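A.B. asks: Would you mind keeping the following structure in view while I ask a few things?
The numbers here are math on the coordinates, done by the rules we state, and not lab data. Quick caveat: nothing in here was measured; it's all calculated off a predicted structure. Ideal geometry is used to build each Cβ from the backbone, glycine not excepted, and the neighbour counts take in all protein chains shown.
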Amino acid sequence: MSTVLSGARFREGLTQAQLATMIGAKPSHISEMEHGKRPIGKEIAKRLGKALNSSTLDTKHSCKAQRNRRNLQAADIVRLVRLFG
């Protein structure tokens, strides 16, 4: 389960701190979720899905990160919600 979250975050080119800011959580909570130490409820799963599906990359990110972002499909988000919701 945690592999899905960290993989989706990586594909978006986001740090734990950036993702935490996007969903209104603490960076330590993202780490705990990724390591299976914190449960992910439905509301957080929805916020994660929204953030990981629609995050915008600024111009500092590489072209590779931008390509990887496009590879994040809606099915990945549905999988996140099913796994954590």
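A.B. asks: Starting from 0.36 nm per residue, how many nanometres of slack lie between K50 and R38 once their C-alpha separation is accounted for?
C.D. replies: Numbers: separation 12, 0.36 × 12 = 4.32 nm, distance 1.95 nm.
Using 0.36 nm per residue and subtracting the Cα-Cα distance, I get 2.4 nm.
A.B. asks: Sorting check: for 35-44, 7-16, 20-29, which peptide has the highest mean count of neighbouring beta carbons within 10 Å, and how do the rest follow? If you can, show how the numbers build up before the last one.
C.D. replies: Working: 35-44: 13.1, 7-16: 18.1, 20-29: 15.7.
Most protected by this proxy first, the peptides run 7-16, 20-29, 35-44.
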